[in-house]
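This report concerns only the one structure given below.
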Amino acid sequence: MANALTTQYPFYSRAYGGYTNSQEDFIREMLGQVSGKSILDPMAGQGYALSQLSWEGANVTLGDLNPATLAMASLRDPSVIRKRRTLTRWLQEVIARLSSKRRRKPPSRIVEGWIDPSIATDLHDYASMIGIGLFSNPFDSNSTFWSDDLNARFGAAIAILAARDIACFRTSDNVTWLKPGGVARSYRIVKPLEKSLAKWNEYAEQTAEGNERIRNSTSGSLNIELMNVAQGNLGRSRKSPWIITSPPYANRLDYTRMWAPEIQVLATMSGANPDEMRLSQIGTTVVEGIDFSEEEKLLPAYVRSSLSEIRDDPTKYSDIYYYPFFRNYAVTLAAGMRILARKLRVGGTMLVFIRDTTRKDVLFQAGRLVSSVLTSADSGLTETVCERKVIRQHIGYVRKSSSKGLYGLAQQEWWLAFKKPSKS
């Protein structure tokens, strides 16, 4: 698992894909015939599995609060794959112009942040060349970046693919928790861009060659939009007959740290502050200044009981960090599920994959909470499938060389399906 998670190109790694092979089999079993289906995943990450359903004729809408993963997802768009040669020629010309800009090679040095200053200069110039600017900002859901600027989106996505050759970072005891800083890998982004473009081209050629629908323009569509379920922002998406999603679970650690190199490269290109994204995610690790004490009263009794146990534990930080953290997670998760219930079309189906988590010996029943919220009178859905799987290995394991601590005990994963019945 560690090798997969530290891969140089997470775009090609199922470990960063969101859904496992068995979950994908379950999704296909529930969908039946894929062609013609309209599917929404508003917490899609890079949409590793669902984006590929568009190759088979489905019309897929992917959303996420992370613009870096969404930009990567756009590289699986069948229309982008069909235009691969035109886009590649254009970007090769851009990279050649960037290469012609002379830079003095700095001495080898340790960088404290994510991006070396000389790399930042290259990223700024590159962003200007591909069209990222005031009106084409990937961190703005209303920007033309997501609606019209195919070239800017493609150029940004290729840079994001190269992020782990560009950014400065170190791994920690947990392989998903990256830290900024280290020895600068390069002082220019030209070669990393050329390398990631060539690798994506190989991927796109193989994909087109193996998929007749893409070659013949009879594939479905892949729509990408910046969304934030926790804030109720689901973009321009309409009510969907199929919603398939996997909300974060509390000990996934910090989602923004897992994708930090990619986010930081894109933020440097667009002049954005990625910390705002961290503050607004479901399960944020930021607890200061957030008070959901009133909303806590509306949570189911078993959730409030777990929160009380976490708060009253004598272990250090239980009351000032872990209690508000899990409370925030419960409140924002419940609110997000209510929003999705309203987004499901009458007669439609929602599939939810989520894991329970623990704090010390307290079980936080995230799956039960999702089920309670979606089958409540307010949401009005009917649960049709409830399967529970024991996950013995997951991304929270520490390194084998670590002398103490083990974050990654077996977890319970819920596979849930719901229907929205017709009004009587």
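May I ask you to list pairs of residues, at least six apart or on different chains, whose Cβ atoms are under 8 Å apart, with the first in region 27-47 being in contact (Cβ under 8 Å) with a residue 24 or more places away in the chain and the second being surrounded by fewer than 23 Cβ atoms within 10 Å (Cβ to Cβ) and among the acidic types (D, E)?
Final answer for the pair search is V34/E56; S35/E56.
Across region 278-291, what is the total count of residues that are under 21 Å from D356 (Cα atoms) and not polar (S, T, N, Q)?
Result for region 278-291: 4.
Run C168 past the list (1) touching a Gly at 6+ places or on another chain (Cβ under 6 Å); (2) surrounded by fewer than 21 Cβ atoms within 10 Å (Cβ to Cβ) and report the number of the one that doesn't hold.
The number of the failed condition is (2).
Looking at S196, is it polar (S, T, N, Q), in contact (Cβ under 8 Å) with a residue 12 or more places away in the chain, in a helix (DSSP H, G or I) and touching a Phe, Trp or Tyr at 6+ places or on another chain (Cβ under 6 Å)?
In short, no.
Which one is surrounded by the fewest Cβ atoms within 10 Å (Cβ to Cβ), of the residues in region 185-239 that are of a type outside the set (G, A, S) and in contact with a Pro (Cβ under 7 Å, 6 or more places away or on another chain)?
Y187
Could you please find all residues in region 146-165 being surrounded by fewer than 20 Cβ atoms within 10 Å (Cβ to Cβ), part of a loop (DSSP other than H, G, I, E, B) and of a type in the set (D, E)?
D148
State which residue pairs qualify: first residue farther than 16 Å from I263 by Cα and inside region 96-122, second residue hydroxyl-bearing (S, T, Y) in any location, beta carbons under 8 Å apart, and separation of 6 or more residues or different chains.
Cβ pairs passing all conditions: L98/Y126; R103/S118; R103/T121; R103/Y187; K105/Y187; P106/S118; P106/Y187; S118/Y187.
No lab work stands behind these numbers, since they all come straight from the coordinates. Keep in mind the model is a prediction, meaning the values are calculated, not measured. Don't worry about glycine lacking a Cβ; one is built from the backbone with ideal geometry, like all the others, and counts go over all protein chains shown.
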